[in-house]
Amino acid sequence: MNEKKDTIFRRLYESFAPKGLPSDDRGRMRMVVDTLVLHLHPTKVPAQTLRLTYTWGLGGLAGMLFMLLGITGIMLEMNYTPSPSRAYLDILTLRSNIWFGDLIRNMHHWSANLMIVVAFLHLLRVFFTGGHRLPRAANWIIGLTMFILVLGANFTGYLLPWDQLAYWAITVGTSIVTYVPIIGDYLSRLILGGVEVGPSTLLNFYALHISLIPVLIVILMSYHFWRVRKDGGLTIPKKPDEKEEQKIERVTTIPHLVRKELVYALVWFAALLFWSMFVPAPLEEIANPEISPNPAKAPWYFLGIQELLLHFHPFFGAILIPAMALAFLFLLPFYDLETESIGVYFRSKKGKILSLIATGMSILLVPMWIILDEFILNWTAWLPGWHSIISNGLIPSALVLLGLILVDDMIHRIFKTTFEERILFIFVFLLIAFMILTIVGIFLRGPGMGLYLPWEILVTH
């Protein structure tokens with residue numbers, strides 16, 4: 001049965017070579033394809049890494065989405081003018097007067113949003129299997145950098161339709177930059193090309209979206225894939241005896257891995273195409289700087305940070321806390337050094353239990369804190385003579401940090417956790433906390449950024 005599958009795949013694989021070529025030329029074409037594939041993958045890979053439930057194909061899916069975004073982006077670029085007087089009209093023309101224009105825009109929009117989710121899940125998969133640890137630290141750092149660039153690509157592309165949703169989302173999103181100490185206003189003017197979102201902003205974002213950011217992603221992605229290949233493929237669980245390394249079953253990349261990747265990519269492409277045929281990319285009325293929507297929200301992937309701004313002083317919510325989170329992630333390989341659990345999801349059985357406990361505690365404590373801060377806590381009113389950066393920044397931040405330390409200490413005492421298990425617990429707790437903040441920002445914040453139930457928000461609209 002496997003031989004039959006391999007024969008079918010080989011025929012499909014050989015179809016990349018044009019039928020009209022002589023046999024020698026077809027052989028050369030196949031050699032070119034083989035060489036390209038083996039530049040991205042090792043010649044052989046551990047058989048267990050072919051299981052979908054181990055990798056979920058997230059890295060390859062991110063690469064496929066990036067190529068799809070490049071192709072659809074070039075098509076859109078041919079029918080777009082980065083000018084406030086033309087941008088919105090070009091989108092309308094694209095939707096109504098160009099064959100398959102609306103479908104291409106939908107594919108581009110949903111692929112971009114999916115890529116954020118896929119890249120995020122890929123980083124989580126790497127962390128939960130210990131793939132971020134030395135000697136793969138450089139690839140972890142590159143992966144984080146690429147994720148930030150993916151967010152930047154989505155953020156710069158968000159403005160291009162020049163509708164109300166885009167204009168005010170970018171206005172809110174870029175206002176976060178002003179809270180950077182000393183250079184915040186300068187950075188804001190540099191990004192916007194002025195003091196507010198305008199023609200220069202649209203041109204800046206367009207240039208970043210189609211040139212600088214994609215080029216940086218291509219460079220980093222090329223090194224990222226090469227580094228994975230250089231390291232012998234994906235991480236796998238370490239054997240108790242290093243001599244048992246010889247017993248690890250390895251299979252050839254062609255056809256075993258490539259066959260799975262091709263089928264996986266086709267399934268996801270079909271799903272995206274189907275979704276894009278029936279779910280249009282959002283487009284509101286043309287941007288109007290005089291009329292602000294209520295509420296005005298940043299793009300969904302920044303709503304966790306916008307939610308923090310409602311609970312902390314802007315310097316803490318927009319700058320210090322996100323900066324500390326990024327530092328925690330970038331430096332992770334240099335203090336999470338345990339190698340025995342590499343390749344094992346959640347480190348161990350105890351790690352799985354700790355992750356479930358961290359998830360439950362975060363689901364319980366974070367909403368309680370949000371409700372308390374929304375309706376009861378009012379540090380600024382309680383400490384009227386204090387500077388807001390202390391009363392609404394330092395004090396609540398210190399209390400939250402103290403609470404996290406106490407929770408970590410309690411878990412350590414009860415479960416006798418190791419250092420790597422404590423890192424896992426804190427990571428999962430903070431991860432779920434940020435996801436809750438994002439969900440609250442998306443679904444539970446209504447007019448005036450007040451806290452509403454979802455059906456109450458629908459009524460207000």
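FYI, it's all coordinate maths here, none of it is from the lab. Here the structure is a predicted model, which is why all the values come from computation and not from measurement. For neighbour counting, all protein chains shown are included, and Cβ atoms are generated from backbone atoms with ideal geometry for every residue, glycine included.
Considering only 81, 116, 93, whose Cα is most displaced toward the positive end of the charge dipole of the chain, charges sitting on Cβ of Lys, Arg (+1) and Asp, Glu (-1)?
Value computed over the given set: 116.
Working from the alpha-carbon coordinates of segment 41-307, get Rg over Rh, Rh being the Kirkwood radius.
That ratio is 1.03, to two decimals.
Can you sort 83, 362 by how many other beta carbons sit within 10 Å, fewest first?
The order, fewest Cβ neighbours first, is 83, 362.
If you average 1/r over every pair of different alpha-carbon atoms in segment 360-412 and take one over that average, what Kirkwood value in Å do you get?
12.3
Can you give the longest run of the chain that contains no GluC sites (Glu not before Pro) sitting in a DSSP loop with at most 15 other Cβ atoms inside 10 Å?
Longest run free of exposed loop sites: 1-195.
So for segment 155-207, what percent of the C-alpha to C-alpha distances run longer than 12 Å?
Of all Cα-Cα distances in segment 155-207, 59 percent exceed 12 Å.
Any idea how far the Cα center of segment 277-356 sits from the one of segment 408-442, in Å?
14
Could you go through segment 423-433 in sequence order and give the Karplus-derived ³J(HN,Hα) for each residue, using 6.51 cos²θ - 1.76 cosθ + 1.60 with θ = phi - 60°, rounded to whole Hz, and x for Gly and Pro?
4, 4, 4, 5, 4, 5, 4, 5, 4, 5, 4
For residue 251, list long-range residues whose amide hydrogen, built 1.01 Å from N in the peptide plane, is under 5 Å from its own amide hydrogen.
Placed amide hydrogens put 45, 47 under 5 Å from residue 251.
State to the nearest 20 debye the size of the charge dipole of the chain about its Cα centre, where the only charges are +1 on K and R beta carbons and -1 on D and E beta carbons.
That gives the chain a dipole magnitude of about 1720 debye.
Rank these for me by crowding, 387, 132, going from fewest to most other beta carbons within 10 Å.
Taking fewest neighbouring Cβ atoms as first place, the list is 387, 132.
Quick one: which of 44/350; 260/349; 44/230 span more than 22 angstrom between C-alpha atoms?
Correct reply: 44/350; 260/349.
So what's the back-of-envelope 222 nm ellipticity for the chain, counting only DSSP H runs of four-plus at -39500 (n - 2.57) apiece and dividing by all residues, rounded to 500?
Estimated from H runs of four or more residues: -20000 deg cm²/dmol.
Taking the dipole about the Cα centre of the chain, with the C-beta of Lys and Arg at +1 and of Asp and Glu at -1, give me whichever of 433, 415, 214 is farthest to the positive side.
415
Karplus couplings for segment 275-288 from phi (6.51 cos²θ - 1.76 cosθ + 1.60, θ = phi - 60°), rounded to Hz, Gly and Pro as x?
In residue order, the calculated couplings are 4, 5, 6, 10, 10, x, 5, x, 8, 9, 5, 4, 4, 9 Hz.
What list do you get for 382, 162, 268 if you sort them by fewest beta carbons within 10 Å?
382, 268, 162
To check my understanding: the extent here is largest minus smallest coordinate of the Cα atoms along each principal axis. What are those three numbers for segment 311-461, in Å, largest first?
Cα extents, longest axis first: 52, 39, 29 Å.
Which FRET efficiency value, to the nearest 0.05, is calculated for residue 134 and residue 373 with the Förster distance at 51 angstrom and r the Cβ-Cβ distance?
0.80
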